[in-house]
Each structure stands twice: as structure tokens, then as C-alpha cells.
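The values are calculated or read from the model by the stated rules, or taken from the named source; none is laboratory data. Worth saying up front: this structure is predicted, and the values here are computed from it rather than measured. Don't worry about glycine lacking a Cβ; one is built from the backbone with ideal geometry, like all the others, and counts go over all protein chains shown. Please note that ligands, DNA and RNA were not included when accessible areas were found on the heavy atoms of the full protein model with its side chains. Shrake-Rupley method; radii C 1.70, N 1.55, O 1.52, S 1.80 Å.
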Amino acid sequence: MRARYGVPLGVAAFGAAGVLYAAGFEVRSFRLRRVTVPVLPPGMRPLRVLQVSDIHMVGGQRKKQRWLQSLAGLRPDFVINTGDNLSDPEAIPEVLDALGPLMEFPGAYVFGSNDYYGPRPRNPARYLLEKVSGKHGLNGNPPVVGAIHIDWENLRDGFDGAGWLNLTNTRGTLKIEGVSVELTGLDDPHIKRDRYPQVAGGPSGTADFSMGVVHAPYLRVLDSFTADNYPLVLAGHTHGGQLCVPFYGALVTNCDLDADRVKGLSTHTAEGRTSYLHVSAGCGTNRYTPVRFACPPEATLLTLVGRE
């Protein structure tokens, strides 16, 4: 009896333990990633940028709210929110409450698809099929039928009312203790709302430093920012792969970015130019797949320093 059933029962027990860990512990094991990026003009003072992304707030997530509120203790120079704040159409007040202390600092934001549309149950295997087909979101796939629309204007008004810059296919400038930072942002490429021609042309040259901001790091967007000579691009969307294989990494990125750059700091090259790219693994999940494995939820404090 043991010889016949011992191995299957052992595999089942191991799998159950993995699910309990992924859903019960790691998904709430919030971390702060610290990264140094040499992108500023020589001699310019360092800038500390806090990036939050993919919060995917659901009503009642008190631990996540408290953790986000605590990030204000880092005292960043400015905050960048790279979208997908919601996974519950009713959770806008909780997002604004969680980010309230951070909105005391200068900041800017772009939206992701989950700020416009509510989540729906989805077979996780579809992410693997989309990776094989090269079709992600609305890029090559048919439009979603029966999408749940969110009152995203209320979220926008909350951010705008706090003074954060709305970077939806536009540019903006933050003034930070005598330093001007030019930000160029795009709406979400995952649902084909990006309009790069509206912001094309590269840094204006009137600011001390310029950078690009987008939710989903699609290659067409990274190519455009890099070719236009932006030294740094911030993005989110990938969840770092969300369910990763230990000692191997992510299986999918939910876009056409390669899995080697699914999270953290890397570089991107286009038309003979190279930019730094930072992709946040985010701190939430879709409400219908509330698990993470070998990919803890995170925010990132980037210290921008002078390039050599």
C-alpha cells in the first residue's frame, strides 16, 4: 500500500504546502527593494524615488494598506505610481487612504488596465498560451466582452487633488528643492491606450533630468523611450512573474518583454542608444489569483546618482 500510494500522496502534500505558503504567507510578505541607478548628470545631487505599482487593492486588505502608509517614513524626494491600483471597483477610497501619506510628497502616476476595468476570473494557463502566440492583452487578441467599468475618474481626481502629475500620454515637470525633473508618461500599452507620437521628441532639454513612465513595459514603448534618449524608464505590470520557479525565475511576463527582465533593474537598447529600465514586481495580485511564489510583493526605492 505504501509503495503504491506513498509517492502520489507525498507530491500532493508538497503541492498543498506550496499553495498554502503562496496564498497564506508570501502574498502578504511585503518587501522594499533598494536600487542605485547612475543616470543623473555628473555633479547633480542624488534623488530618491519611491516606485509603487500593481497594488491591486481589494476591500479589507488592512495589512497592505498599513504597509503602504509606512513607506512615507522613507521620505523620498518624489513618488512614481505605475498603475493597476485596483482589483475591486469599490476599493478606490482604500487606495487613496493607503497612499495618503505618500501623497504628501511630490509625485506622478500612470494608469494600468485594472484602473479602468474590473478583474475577471481567468485560467492561468492562458498566460502561457499568450507567451507562445505573442499576443497579450488587446495586442492581437479580440476585445473583451462584458468588461466591468470602474469609476476611474474618482481615483484620478484623488491623485490630482493631492498634486500628483497625471502622465496619461503627456509630459509634466516636478520641482524638487531647486531641481527640475521632467516626466514623460504613457497610458497602458496592454490595452493599446499608449500614444507615443503625442509625446515623441525626447527630453526637452529645459529640465535637470528626464525619465519615462509607463505601466506595461512593451518593447515598442521601450524602443521609443530609448531611441528618444531617455536615460531611465520605470514600469510595472509583470508582477515579477508572480508564480516563479526557484533558481530559474519567471515563466511569463504578460507582455512581450523577455523573462530575464521581468523585474528589477536592467538595460534596454534601441537605435544605438541604451536606457536603464526598472520593472517593479508590484505589491498585489488579481483578486482571483491571490498567490505569489518565489516573488514577494514589493515597492522600490531608487537612488538616482550621477553617471560616471
> Once phi is turned into θ = phi - 60°, what whole-Hz ³J(HN,Hα) does the Karplus curve with 6.51, -1.76 and 1.60 give for every residue of the stretch 227-239, x standing for Gly and Pro?
Replying inline: 4, 7, 6, 7, x, 8, 10, 10, 8, x, 6, 6, 6
> How many Å² of accessible area per residue for the stretch 56-171, probe 1.4 Å?
Replying inline: 46 Å²
> Of the heavy-atom accessible surface of the chain (probe 1.4 angstrom), what whole percent is carbon and sulfur?
Replying inline: 55 percent
>> Output needed for the stretch 163-308: three equivalent-ellipsoid semi-axes, defined as square roots of 5 times the C-alpha gyration tensor eigenvalues, in descending order, whole Å.
In response: 27, 16, 16
> Which Cα, out of LEU265, THR226, HIS239, lies furthest along the positive dipole direction of the stretch 220-272 (beta carbon charges, K/R +1, D/E -1)?
Replying inline: HIS239
>> Suppose every Lys and Arg Cβ carries +1 and every Asp and Glu Cβ carries -1, with no other charges. What dipole size does the chain come out with about its Cα centre, to the nearest 20 debye?
In response: 1160 debye
> Under a 1.4 angstrom probe, counting protein chains only, how are LYS64, LYS192 ranked by accessible area, largest first?
Replying inline: LYS192, LYS64
> Ranked highest first by average number of other Cβ atoms within 10 Å, how do 234-246, 67-79 line up?
Replying inline: 234-246, 67-79
> Probe 1.4 Å, all protein chains in place: accessible area of ARG126 in Å², nearest 10?
Replying inline: 120 Å²
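Out of all DSSP beta bridges with both ends in the chain, state the antiparallel percent to the nearest 5.
Once the DSSP bridges in the chain are tallied, antiparallel ones form about 40 percent.
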> Reported to two decimal places, what Rg/Rh ratio describes the chain when computed on Cα atoms with Rh from the Kirkwood expression?
Replying inline: 0.99
> Once Lys and Arg get +1 and Asp and Glu get -1 on their Cβ, which of GLY140, ALA108, LEU155 lies farthest toward the positive end of the dipole of the stretch 97-159?
Replying inline: GLY140
> What Kirkwood hydrodynamic radius do you get for the stretch 144-203 when you take the inverse of the mean 1/r over all pairs of distinct Cα atoms, in Å?
Replying inline: 13.6 Å
>> Can you compute the FRET efficiency between ARG62 and ARG307 using 1/(1 + (r/R0)^6), with r the Cβ-Cβ distance and R0 = 45 Å? Round to the nearest 0.05.
In response: 0.60
> Using a 1.4 Å probe, how large is the accessible area of ARG273, given in Å² and rounded to the nearest 10?
Replying inline: 110 Å²
> Rounded to the nearest 10 Å², what accessible area does TRP152 show when all protein chains are kept and the probe is 1.4 Å?
Replying inline: 70 Å²
